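To start, the structure under review is shown below, and the notes come after it.
The values are calculated or read from the model by the stated rules, or taken from the named source; none is laboratory data. Since the structure is predicted, the reported quantities are computational estimates derived from the model, not experimental observations. We place every Cβ from the backbone using ideal geometry, glycine too, and count neighbours over all the protein chains shown.
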Amino acid sequence: MMEQGYFYRDTWAEVDLDAIKENVQSIKRILPNEVQFIAVVKANAYGHGAVQVAQTALQAGATYLAVAFLDEALALREQGIDAPILVLGASRPRDVSVAAQHHVTLTAFRTDWFTEAQQFLEKNQVLNVHVKIDTGMGRIGIRDKEEVKAICDFVKKDSRFFLEGVFTHFATADELDDNYLRGQHQRFLEILSVFKEKPKLIHCSNSAATLRFPFALFNGVRVGIAMYGLTPSREMEPLLPFELKEAFSLHSQLVHVKKLQKGEKVSYGATYETGEKEWIGTVPIGYADGWIRRLQGQEVIVEGKRTKIVGRICMDQCMINLPHALPVGTKVTLIGKQQDENISCNEIAQKLETINYEIPCIISNRVPRVYMRSGKMVELQNPLLHNDH
Ligand SMILES: *Cc1c(COP(=O)(O)O)cnc(C)c1O
């Protein structure tokens, strides 16, 4: 066991690295051999832990990593990750030298970005670049062929820029109606025809498109949510070619248990009133952990059975209804399996009227992450405490 660090609170998130590995392997199995698996680990791997997920994905056959910002890429480099990393978002021209120095691939989508970036690259530096095409997402990317031509000409003249890849991003890959996606794909093909020499890596599919549209694979896919075992949308669930395994779970323990008489109140605003004599348990998780106030009334699992959060959720604590007296230290599962019960990220997303992507992302770094392999803890990350205590 390579246990690192410690935590002194009774709340933690578990990340099942075996699930991530299996998800990567299952997805790779439906991909032709030449298709590179780009593991999307932005936003601390959707809250799962960027380094641990990156290592696991690479071991399972991913060949490239992707993040949103240069800082995220550099953080991975600091942790000793030496696989290729693509920054998907916009980077500043003045930061190209740092990117080149750390072998980080940047996304570019403006001719003037290149002319400005040129001034910041050292004489012997080489920067890997992927050109982003906007085929209908309307976010970042080149929309017209002339600009693509201009960039190709520019890169030909300055050998410090290596145009390694070209990509686009679908806006509706997780929706049942695939008309818009097919239009985007068509526009992408048209723009690709402008390249005299095709870049080495051509990619446009996120998780949803990777799982559904073999015609859009080209030779790379950017997989985020499916790697974490979550389905990109509810409509897509029946279309999944295999089962995905959720990697993220969230747990706590009772820190106080008390019996309240009929008509007593619980939490801020005194909005909850006990009907009969009730056992109430206090759970040390609150909105500052990302367990936000809108989750009032949400069910949690205790002793393998569902029970409810009662009263308002506080910054660091919330209260739940207990079926009977339970000892302090009893496990409370907020997301994930406990015995035969399961609360998925989807259920929490539905309660919050949002998408499952948001759920692990908003569990803050105040919640330590415990990494599991073969049911055993292999690593522990508590961003609050860097030193031994
Ligand atoms: C986040 C992101 C992805 C990953 O999307 P998933 O739906 O999580 O697979 C792929 N490409 C780009 C450009 C992204 O920003």
* Asked: Counting only residues that are within 15 Å of the ligand (Cβ to nearest atom) and among the hydroxyl-bearing types (Ser, Thr, Tyr), which one in the range 21-63 is nearest to Val87 (Cα to Cα)?
  -> Tyr46
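Let's see how each residue does on (1) touching a Cys at 6+ places or on another chain (Cβ under 8 Å); (2) within 16 Å of the ligand (Cβ to nearest atom); (3) not in a helix (DSSP H, G or I):
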| site | (1), (2), (3) |
| --- | --- |
| Lys132 | no, yes, yes |
| Glu146 | no, no, no |
| Ser159 | no, no, yes |
| Phe195 | yes, no, yes |
| Cys204 | no, yes, yes |
* Structure fact -> Looking across the range 9-46 at residues that are among the small types (Gly, Ala, Ser) and assigned to a strand (DSSP E or B), the single one that is surrounded by the fewest Cβ atoms within 10 Å (Cβ to Cβ) is Ala13
* Asked: Is there any pair linking a residue in the range 346-372 that is outside the structural domain of Thr333 (by TED's automatic domain parsing) and on the phi < 0 side of the Ramachandran plot to one that is away from the ligand (no atom under 15 Å from the Cβ) and of a type in the set (Phe, Trp, Tyr), with Cβ under 7 Å and at least six apart or on different chains, and which?
  -> none
* For the range 14-31, state whether one or more residues are within 30 Å of Gly286 (Cβ to Cβ) and among the polar types (S, T, N, Q). => no
* Asked: Within the range 67-102, how many residues are part of a helix (DSSP H, G or I) and within 16 Å of the ligand (Cβ to nearest atom)?
  -> 5
* Residue by residue through the range 99-119, note down the ones that are touching a helix residue (DSSP H, G or I) at 6+ places or on another chain (Cβ under 7 Å) and under 22 Å from Val40 (Cβ atoms). => Ala99, His102, Val104, Leu106, Ala108
* **Leading residue by the ranking (surrounded by the fewest Cβ atoms within 10 Å (Cβ to Cβ)) among those in the range 63-93 that are without any contact (Cβ under 8 Å) to a residue 60 or more places away in the chain and more than 24 Å from Asn365 (Cα to Cα)** => Asp82
* Kindly indicate whether Gln125 is more than 16 Å from the ligand (Cβ to nearest atom), modelled with pLDDT of 95 or more and not in a loop (DSSP other than H, G, I, E, B). => no
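Name every residue in the range 244-281 that is of a type in the set (Asp, Glu) and in contact (Cβ under 8 Å) with a residue 24 or more places away in the chain, in order of residue number. Outline the logic, then answer.
Taking the range 244-281 first, the residues of a type in the set (Asp, Glu) are 246, 264, 273, 276, 278.
If the condition is that a residue be of a type in the set (Asp, Glu) and in contact (Cβ under 8 Å) with a residue 24 or more places away in the chain, then Glu246, Glu278 are the ones that fit.
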